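The values are calculated or read from the model by the stated rules, or taken from the named source; none is laboratory data. Since this is a predicted model, take the numbers as computed values, not measurements. Virtual Cβ from ideal backbone geometry, glycine too; neighbours counted across all protein chains shown. Areas reflect the complete protein model, heavy atoms only, side chains present, ligands, DNA and RNA absent. Shrake-Rupley method; radii C 1.70, N 1.55, O 1.52, S 1.80 Å.
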Amino acid sequence: MKLEEMEKKLDMLEKKIARTEAMLACRKLLNTYELYFQGADCNGITKNLDLRPEDEIWIDAGMGAALAGPRANLEFFDQRPALARMPGALVEHESVTQVIEIADDLQTAKAIDFCPGYKCLALGQSQVWSMGKYYKDLKYVDGEWKIWHGHWFVVCEADAAYGWLYQNRSYWKECMFEELDSIHNGNITAAPAPTRPGDNYRADGYLYMFPEPPDPYAAWEEPADTKFTRGY
């Protein structure tokens with residue numbers, strides 16, 4: 001084998017190794033975020049986020065509001081420990097069917113996953129199926145991968161006693177529980193930015209559940225959370 005050919009193959013191998021390492025790191029990041037979210041660990045959640053002011057983070061929770069900027073996200077996730085200490089409070093979300101696309105420049109990644117789960121708030125008499133899909137932009141920051149943007153697409157938020165065919169958005173039942181509402185709103189000084197609530201399960205029409213798997217790309221330009229390629 002000629003030296004030039006060997007160097008070319010070594011260069012290709014190094015690129016493949018770098019992409020594989022990035023893929024494994026991004027997969028670990030997605031799963032770590034979900035596990036900390038389930039455990040209501042504010043420090044664990046936020047250490048996975050890119051909270052630098054110059055690269056503004058946003059997370060759209062799918063309920064008609066996006067958390068834009070570091071302060072809004074820190075205040076929102078700071079509520080999690082108080083929620084977790086409520087008797088009978090339970091949140092379970094898994095990260096499955098992950099699709100991760102690493103940019104050619106290895107500086108960003110686009111990822112989607114399906115998150116089946118359930119929530120329970122015993123004091124509010126609420127037990128809910130909570131399922132949806134997550135889109136995230138990830139960024140390589142100071143030698144670590146961080147979550148940069150996030151969009152939660154609700155598939156169903158339905159009372160476990162009835163299921164999603166009969167009742168949707170039972171999340172709002174939780175929000176009407178006075179003690180929970182005080183936790184949600186007591187320490188918020190950075191108001192979320194209004195967004196269009198995502199459609200969850202509909203029995204009266206066809207379903208289009210964003211997001212779609214991301215396409216290969218060279219360098220980050222814009223989020224692909226609502227890419228639409230179906231013909232109907």
- Taking the Cα centre of the chain as origin and charging only Cβ (+1 Lys, Arg; -1 Asp, Glu), how large is the dipole, in debye to the nearest 20? 400
- Between the alpha carbon centres of segment 56-86 and segment 122-137 the gap in Å comes to 14
- Query: Between Rg and the Kirkwood Rh of the chain, both from Cα atoms, what is the Rg to Rh ratio?
  - Reply: 1.03
- Item | Estimated FRET transfer efficiency (Glu21, Leu90; beta-carbon r; R0 45 Å; 0.05) | 0.80
- Item | Area accessible to solvent at Ile112, 1.4 Å probe radius, in Å² | 20
- Scan around Gly62 for amide H atoms under 5 Å from its own, H built in the peptide plane at 1.01 Å from N, and keep only partners 5 or more places away or cross-chain. Trp152
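Where both partners of a DSSP beta bridge lie in the chain, what percent of those bridges are antiparallel, to the nearest 5?
If we restrict to bridges inside the chain, about 90 percent are antiparallel.
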- For the chain, what does -39500 (n - 2.57) per DSSP helix run (n ≥ 4), summed and divided by total residues, give at 222 nm, in deg cm²/dmol to the nearest 500? -9000 deg cm²/dmol
- Going toward the positive end of the dipole of segment 1-124, with +1 on Lys and Arg Cβ and -1 on Asp and Glu Cβ, which of Met12, Pro87, Thr108 do you reach last? Pro87
- Note on the structure: Pseudo-spin-label distance Met12 to Glu144, built 7 Å along Cα→Cβ, given in nm, is 3.6
- Item | Kyte-Doolittle mean at least -1.0 and Cα axial length at least 18 Å: DSSP H helices in the chain | 3-38
- Show the residues, 5+ positions off or on another chain, whose built amide H is closer than 5 Å to the amide H of Val155. Met131, Gly132, Lys133
- Note on the structure: For the chain, the per residue accessible area (1.4 Å probe, Å²) is 55
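Leaving out ligands, DNA and RNA, what percent of the accessible area of the chain is carbon and sulfur, probe 1.4 Å? Mind showing how you got there, number by number?
Working: 7200 of 12860 Å².
Exposed carbon and sulfur together represent 56 percent of the surface.
Starting from the residue with the highest accessible area, list Glu14, Glu4, Glu212 in decreasing order, probe 1.4 Å. Please list the in-between numbers first.
Values: Glu14 120, Glu4 150, Glu212 30 Å².
The most accessible residue leads, giving Glu4, Glu14, Glu212.
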- Query: Can you list the aspartates and glutamates whose alpha carbon sits under 15 Å from that of Lys110, skipping same-chain ones fewer than 8 residues off?
  - Reply: Asp50, Glu101, Asp137, Glu212, Asp215, Glu221, Glu222, Asp225
- Trp164 - accessible surface, heavy atoms, 1.4 Å probe, Å² rounded to 10: 100
